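We did not get these values from a lab; they are worked out from the coordinates using the rules stated. It should be emphasised that the depicted structure is a prediction, and the values quoted were computed from it without experimental measurement. Reconstructed Cβ throughout: ideal geometry from the backbone, glycine too, with neighbour counts over all protein chains shown.
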Amino acid sequence: MITLLLLFSSYSLIKAKNPQPNLVPGIREWAGGESTYAFTTDSIDWAGITSPVIFKGDSVTAYRDPAADLKLRLLVLTDIGGDPDDQQSMIRLMVYSNEFEIEGLIASASGTPGELEEAVIKPHLIREIVEAYGRVRDNLAQHAKGYPSTDHLLARIKFGNPQRGLDAIGEGHDTDGSRWIISVVDRPDPRPVNIAIWGGQTDLAQALWRVRTQRGPAGLKAFIDRIRIYDVYDQDGIANWIWKEFPGLFYVMSKAPEGHDKREAVFRGMYLGGDESLTSREWMEINIRQAHGPLGPLYPTRTWTAPNPHAAIKEGDTPSWFYFLPNGLNNPSFPNWGGWGGRFVNTGDCIYRDAKDSVEAITDARSTVWRWRSAFQRDFQARMDWCVKPKAEANHHPFVICNGDSTRNMVHIQARPGDTIRLSAAGSSDPEGQNLVYRWWYYPEASTCQEKVVIDRWKSSEADVVIPANASNSEIHIILEVTDDGEPSLTSYRRVVILALQPHLSVRSSVSFHSFHWS
């Protein structure tokens, strides 16, 4: 018999007062209060370890997200109208809009502080892009389900504050955008609201200030428990104030450490490092701007990308929503797991800062993004093709099954040190009947295992993972990439998280969970 202890801090995305969590099967007893849950089971159906979760003896933590099968909610604050890379990111977002429930496109103060001669917002630039999307929406819908109507997106364009910073927060500073943020978060829905900040945070800070003022500490806590934030660069310079005034926010900050070159930040990996030819004007013209419908010509041709010599594709804000993109690779509840939006480490109180990956003999924060560039650029290329091509003439993603699971959820497997675990992509297929190439690889930076992990037959549809002898109480992250040979070739992902238990604990079969929320 094993007792499992669940510990929740102020951050719990879907939490009523004293809820009984949706636990894994096999639970015989449950008891708990507002922040601590304990249950007893004859065996562990799934248990995970990821910083900052504590594992001592037989005590582990697990929580299952009841909203796993629903689209993720996304709200964007953009400083569109300064550096044109915001328009670039918005165009890319439009062809991925089927993957999210887009809750808001808020035009915040344009440009970086001091970049423009006047304090303005430019929502008309968002409208122009959404209207162009509307002219290709029906063609996109031939290729994938879920593309929202043009009217739906137009109704979610909101006006933020042309002013920024602490002087623009407080009584008399509510905006269409700040009020909209509150209304979206307040809407009854089990899913968290994911907020991608491309520019300044002032409208979000105003929303938080208003909620605290009107609802008090308890109301503020209930509000912030329902949001997750990815902030690019702390553009308004108020992040430290936000963290102090509104503690407990789930806050991913992509910004180089103080005293470092600002170009070292995770989000810069969108255009710096790796194969920078994929950010060139030539690549842009062929795959985005020319013969790809009305969105293409709106894609700006010149941005500031130094030391990247191309000064073309930048999209420095795209990692903020890549982070939430459900592509089988990432899980937004775990910033340290990594994905197209980068990888981050917890620095305390649910604040996550840039982490580093080692790729091709380079170790830096940007590597956590550019390591995926070949795949995400080919993916964008295909979706731009969907704007104009009929379904029969375009390429579509491989359908991947991992250990019998056909979702895009994470697959969790228990093992003991010394075990050999068989991983299988049997049953995977391609909608065009193309050949598939398989690649299984170990992601050491996302794992807590400190030992070398060997994968036999890593280029096969079935692979064997050898669990190191000293791997007890650790996670091993295995990435499955399945790539077709279409034009462009497309890659689909699955992530397998192997929990190496202590030798005396019993092991059960794999379980696929979408999202877990830890203290």
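Among the listed pairs Lys122/Lys314; Lys122/Lys145; Lys145/Lys389, which have their C-alpha atoms separated by more than 27 angstrom in this model?
Values: Lys122/Lys314 20 Å; Lys122/Lys145 31 Å; Lys145/Lys389 16 Å.
Violating the 27 Å Cα-Cα cut-off are Lys122/Lys145.
Students often check this: by mean Cβ neighbours within 10 Å, which of 346-352, 201-207 ranks highest, and how do the rest follow? Intermediate values should be presented prior to the final figure.
Working: 346-352: 17.1, 201-207: 27.3.
Descending mean neighbour count gives 201-207, 346-352.
My understanding is that a pair violates if its Cα-Cα distance is over 29 Å; which of Lys221/Lys255; Lys71/Lys158; Lys158/Lys244; Lys255/Lys452 do that in this structure? Walk me through the numbers on the way to the answer.
Working: Lys221/Lys255 26 Å; Lys71/Lys158 22 Å; Lys158/Lys244 27 Å; Lys255/Lys452 31 Å.
Pairs exceeding the cut-off: Lys255/Lys452.
Ranked highest first by the average count of other Cβ atoms within 10 Å around their residues, in what order do 313-325, 167-179 fall? Don't skip to the answer; put the middle values down first.
Details: 313-325: 26.5, 167-179: 17.0.
In decreasing order of mean packing, 313-325, 167-179 become 313-325, 167-179.
Taking the simple approach of a point 7 Å from Cα along Cα-to-Cβ for both Lys391 and Gln450, what is their distance in nm?
Between Lys391 and Gln450, the label points sit 5.3 nm apart.
With label points built 7 Å along Cα→Cβ from the Cα atoms of Ala218 and Glu258, find their separation and express it in nm.
So the two model labels end up 3.7 nm from each other.
Apply 1/(1 + (r/R0)^6) to the Cβ-Cβ distance of Gln163 and Arg422, taking R0 = 56 Å, and write down the FRET efficiency to the nearest 0.05. Walk me through the numbers on the way to the answer.
Details: r = 59 Å, r/R0 = 1.05.
After rounding, the FRET efficiency stands at 0.40.
Sorting Ser447, Ser374 on the 10 Å Cβ count, fewest up front, what's the list?
On the way: Ser447 22, Ser374 16.
So the ranking, lowest neighbour count to highest, is Ser374, Ser447.
Would you mind checking the stretch 289-323 for residues with the amide N under 14 Å from a putative spin-label position 7 Å along Cα→C-beta of Glu131?
Correct set: 294-295, 298.
Summing Lys, Arg as +1 and Asp, Glu as -1, what charge do residues with Cβ under 13 Å from the Cβ of Arg422 carry, Arg422 excluded? Can you show the working numbers first?
Numbers: positive: Arg457; negative: Asp419, Asp456, Glu462, Asp464.
After counting each charged neighbour, the total is -3.
Where does each of 283-296, 474-487 land if you order them by average Cβ count within 10 Å, highest first?
Values: 283-296: 17.9, 474-487: 21.1.
Top to bottom by mean Cβ count within 10 Å: 474-487, 283-296.
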